[in-house]
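Below: one structure, written as structure tokens.
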Amino acid sequence: MESVKRILSLNCGSSSLKFGIFEVHGTAVELMSEGEAEEIGAESSTFWTKVAGKEKKEAKTPLKNQEQALNAALKAIDEAGFDAVDAIGHRVVHGGPKVRAHVKLDDAVLQQLRDAVPFAPLHLPASLAVIDAISKLKPGTPQVVCLDTAFHRDIPAVAATFALPHQVRSMGVQRFGFHGLSLESILHQFEQIPDRLVVAHLGNGSSITAIHAGKSIDTSMGFTPTGGVMMGSRTGDLDPGVLIYLMRHGYADADRMEQLVDRQSGLKGVSEISSDVRELIEQSSNENADLALRMFEYQVRKTIAGMIAALKGLDILVFTGGIGEHDDGLRQKVTSSLQFCGPFAMKVLPAEEDLQIARITAGIIDGAG
């Protein structure tokens with residue numbers, strides 16, 4: 001008889017920390033408690049928890065860093081009676097070229113993640129801070145690294161390779177792809193995985209992926225989560241000449257360039273109002289807001305069509321993520337404009353990343369991963 005595994009899931013962003021307690025029994029996964037700390041590092045942070053479906057909103061409180069957010073999370077979990085866990089699963093955005101599969105954490109893996117910080121300087125330092133903190137607070141508890149890049153690790157060379165000299169590519173420059181935990185959770189929701197599937201994960205970060213018989217064959221995000229379609233505050237794909245031009249005109253500093261392409265662009269940069277689609281829809285009479293929304297829809301539509309070409313047809317198009325799940329107007333515009341691609345089904349499915357972290361973690365500590 002299979003034992004029940006209690007898993008602590010930690011989903012760390014650059015300024016947020018989502019956490020959940022899951023009980024895993026075979027293929028069944030049950031959420032027991034969850035919560036999130038947001039706006040970490042700001043003057044005040046929002047912190048909420050939910051136990052047995054009952055939400056408890058906490059007053060805004062200063063959380064200076066990820067370690068303080070983790071302490072608040074563990075306190076809430078302890079008060080809910082779920083302090084004892086069998087394993088801890090971490091969402092890690094990028095493992096660099098050496099850590100490509102979900103893996104049990106040990107000293108060697110931890111060092112490889114530290115070495116990979118230059119590949120994801122906005123995300124990895126926060127994830128490593130949480131790993132270090134939880135290792136001190138729960139020593140001896142098995143930990144598993146669940147990578148957003150793992151789903152794409154076998155992507156064909158024709159899609160993974162950039163048109164750069166070997167000397168540059170040997171530095172680890174390639175298409176890694178992201179949102180892998182979301183994509184794995186989408187596949188888990190199908191009783192039978194379709195042969196030709198496109199998943200549009202649309203949110204503050206957006207990516208579009210072509211999946212053939214359950215395997216990623218191409219995806220819009222590339223070397224970093226900045227590439228692909230325009231996003232909330234990220235540029236998406238750019239002519240490399242734009243970056244060279246900017247470097248020659250005051251943007252030679254890497255930190256300033258990073259702020260530009262990751263924090264100041266996308267929907268926020270074009271609209272000059274907000275990175276939030278809901279706010280832009282409310283202000284769509286504003287010329288810049290309208291342009292930003294039309295650009296986003298256009299790029300999503302064009303990229304999906306490209307993924308359909310990569311698959312040589314389409315069986316099902318899935319929308320997920322905050323925008324993908326809730327923006328009916330965008331979905332209608334995109335799907336109606338793709339009818340020339342032939343008949344296909346459209347589904348709206350939730351991105352269950354934290355649930356997937358629990359599945360992966362339980363499988364690996366059981367020796368099945």
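Readers should treat all values here as calculations from the given coordinates under stated rules, not as data from a laboratory. Keep in mind the model is a prediction, meaning the values are calculated, not measured. When we count neighbours, we look across all protein chains shown, and the Cβ atoms used for this are built from the backbone with ideal geometry, even at glycine.
Observations, loosely collected:
- Calculated over segment 190-348: convex hull of Cα atoms, volume per residue (Å³): 118
- When each of 123, 152 is scored by the number of other beta-carbon atoms lying within 10 Å, the sequence from fewest to most is 123, 152.
- Virtual spin-label span in nm between residue 249 and residue 136, 7 Å along Cα→Cβ: 4.7
- Inter-part distance, segment 307-342 to segment 17-37, computed on C-alpha centroids, equals 30 Å.
- Net charge dipole, segment 43-186: roughly 280 debye, given to the nearest 20, about the Cα centre with Cβ charges of +1 for Lys and Arg and -1 for Asp and Glu.
- For the chain, the longest principal axis of the Cα atoms and the long axis of helix 254-263 meet at an angle of about 90 degrees.
- Residues 32, 221, 307, 171, arranged from fewest to most other Cβ atoms within 10 angstrom of their Cβ, appear as 171, 32, 307, 221.
- Candidates 317, 246, 122: whichever shows maximal mean-square fluctuation once the chain is modelled as a Gaussian network with Cα springs under 10 Å: 246
- Principal axis dimensions, largest first and in whole angstrom, of segment 79-174 by Cα: 54, 22, 21
- Structural size metrics of segment 1-96, computed from C-alpha coordinates, are Rg and Dmax of 13.9, 50 Å.
- Estimated dipole of the chain in Debye, rounded to 20 [Cβ of Lys and Arg +1, of Asp and Glu -1, Cα centre]: 720
- Seen from a random direction on average, the alpha-carbon convex hull of segment 222-279 projects onto 4.1 square nanometres.
- Here each label is just a point 7 Å from Cα along the line to Cβ, and for residue 157 and residue 111 those points are 3.0 nm apart.
- Value at 222 nm in deg cm²/dmol, rounded to 500, when DSSP H runs of n ≥ 4 in the chain each add -39,500 (n - 2.57): -11000 deg cm²/dmol
- Sorted from longest to shortest, the spans of the Cα atoms of segment 122-197 along the three principal axes equal 45, 43, 20 Å.
- In the chain, excluding the sites themselves, the longest stretch lacking any of the GluC sites (Glu not before Pro) that are in a DSSP loop with at most 16 other Cβ atoms within 10 Å is 59-190.
- For the chain, the longest principal axis of the alpha carbon atoms and the long axis of helix 353-365 meet at an angle near 50°.
- Ordering 153, 278 from the fewest to the most neighbouring beta carbons within 10 Å gives 278, 153.
- Ranking 265, 177, 15 by how far each Cα lies toward the positive end of the dipole of the chain (charges on Cβ) leaves 177 at the top.
- Rg of the Cα atoms in the chain, relative to 2.2 N^0.38 Å, amounts to 0.99.
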